[in-house]
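Here is the structure we will look at.
The values are calculated or read from the model by the stated rules, or taken from the named source; none is laboratory data. Because the structure is predicted, anything quoted here is derived from the model rather than measured. As a convention, Cβ positions derive from the backbone with ideal geometry for all residues, glycine included, and neighbour counts pool all protein chains shown.
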Amino acid sequence: MTTKKKRSAHTDNDSWVVIAPDSALDTGRSEEGDPSFIKLKNPATGSSSLYLFGCGDVCVYEVKAFSEDFRSWFIGQTVQRDGRLLYVTPIDPLFLLLPYISSTATEGKFQPAKQMIMDEDYPGCTRLLHCKQGLDSLHHVADEKEVDCLKFHRYNQEKTLEWLKKKVQRTVLTLKKSNISVGGGVKSSMFVRVKHEDATEEDYLRYAHGLISEYISEDLSKALLKHLQLPEISSPKETEPPSKKRKLSDKPVEAGEDYTKFNSADFARKPPKKMTAAQKSLAKVDKTGMKSLSAFFSPKVKQEKN
């Protein structure tokens, strides 16, 4: 008698399908260290996120994943069960350094960057100290003092908001140049795009603010909103029909999100239709002792013999 061979559980999670720029995976300078994935604290949420450090830690890239249930990859003659598709894009390392710099604001004293960039939960954060782009940009978010060829920094909120404001303004220019549709229609749950000429300057600023807010804390995002002098978004009127109410969001849609959830408000249970006269009369009939129609099709229970 033959038995079916059981498949062993696949536990290899070291392989992924990645879309990345050539610069991120350049291994031509192996003496400076190969590219590697490192878990760091997300500057917006504080949770763990995956980042890619290029050769020699010169550049840092953020990693986002598009994931669906029951998805896998056929690679050559093998099956990769981890069906996620990872996107690797450059990120300004100053966004990753900012939470550590701002956390020392209460101390109010100048400190070396090496003393501020420490985290027991994410020891890999020290690799940010090797990133020249990030260290050279610290003056955008902190006051700087040099003593005996050593640089010391102290967090400056006003400088940070000005730096973020410039980020928003450059993002607005890119949106306009790329002819990206913005405005209330894009931020609605229905994803209805508005015409390019219908978007106002406030629409662009608010949309760009939402994109930048993906890389900063919620408190800093609110402070930036005030710094940009953007008015608060008024909530939908209570008299507006539920089907026409739209949830506004300044956050860009990430590939890993479930798109079906954005329109959940439109799938609310509808009230029952009015009954006809025949249905009303049938409802008044005494159904005591009557079997339901499904009872005639259910399997009969066999009675045990004594």
query = Out of (1) at pLDDT below 95; (2) aliphatic (A, V, I, L, M); (3) over 26 Å from the mean Cα position of the chain (by Cα), the odd one out for Ala142 is which?
reply = (1)
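Looking at Thr174, Thr160 in this structure, which one is among the hydroxyl-bearing types (Ser, Thr, Tyr), outside any strand (DSSP E or B) and out of contact with any helix residue (DSSP H, G or I) (no Cβ under 8 Å at 6 or more places or on another chain)?
Details: Thr160 fails: out of contact with any helix residue (DSSP H, G or I) (no Cβ under 8 Å at 6 or more places or on another chain).
Step by step, each of Thr174, Thr160 is checked, and only Thr174 is among the hydroxyl-bearing types (Ser, Thr, Tyr), outside any strand (DSSP E or B) and out of contact with any helix residue (DSSP H, G or I) (no Cβ under 8 Å at 6 or more places or on another chain).
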query = Out of all the residues in region 43-101, which are out of contact with any Leu (no Cβ under 6 Å at 6 or more places or on another chain), among the aromatic types (Phe, Trp, Tyr) and either in the same structural domain as Leu211 (by TED's automatic domain parsing) or on the phi < 0 side of the Ramachandran plot (or both)?
reply = Phe53, Trp73, Phe74, Tyr87, Phe95, Tyr100
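Would region 108-119 turn up any residue that is aromatic (Phe, Trp, Tyr), more than 28 Å from the chain's Cα centre (by Cα) and either assigned to a strand (DSSP E or B) or closer than 18 Å to Ser217 by Cα (or both)?
Of the residues in region 108-119, the ones aromatic (Phe, Trp, Tyr) are 110.
Subset that is more than 28 Å from the chain's Cα centre (by Cα): 110.
Going one step further and asking which of them are either assigned to a strand (DSSP E or B) or closer than 18 Å to Ser217 by Cα (or both), we end up with none.
No, every residue in region 108-119 fails to be aromatic (Phe, Trp, Tyr), more than 28 Å from the chain's Cα centre (by Cα) and either assigned to a strand (DSSP E or B) or closer than 18 Å to Ser217 by Cα (or both).
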ask   = Looking at region 104-122, which of the residues that are touching a residue at least 40 places away in the same chain (Cβ under 8 Å) and polar (S, T, N, Q) is surrounded by the most Cβ atoms within 10 Å (Cβ to Cβ)?
value = Thr104
request  = Keeping to region 69-105, report how many residues are over 18 Å from the mean Cα position of the chain (by Cα) and either assigned to a loop (DSSP other than H, G, I, E, B) or modelled with pLDDT of 90 or more (or both).
outcome  = 18
key: Residue that is surrounded by the fewest Cβ atoms within 10 Å (Cβ to Cβ) [pool: residues in region 71-96 that are touching a residue at least 24 places away in the same chain (Cβ under 8 Å) and of a type in the set (Ser, Thr, Tyr)]   = Thr89
ask   = What are the pairs, 6+ residues apart or on separate chains, where a residue within region 127-141 that is over 16 Å from Leu164 (Cα atoms) and in the same structural domain as Val60 (by TED's automatic domain parsing) has its Cβ under 7 Å from a residue that is among the small types (Gly, Ala, Ser) and buried (at least 18 other Cβ atoms within 10 Å of the Cβ)?
value = Leu128/Gly134; Leu129/Ala113; Leu135/Ala113
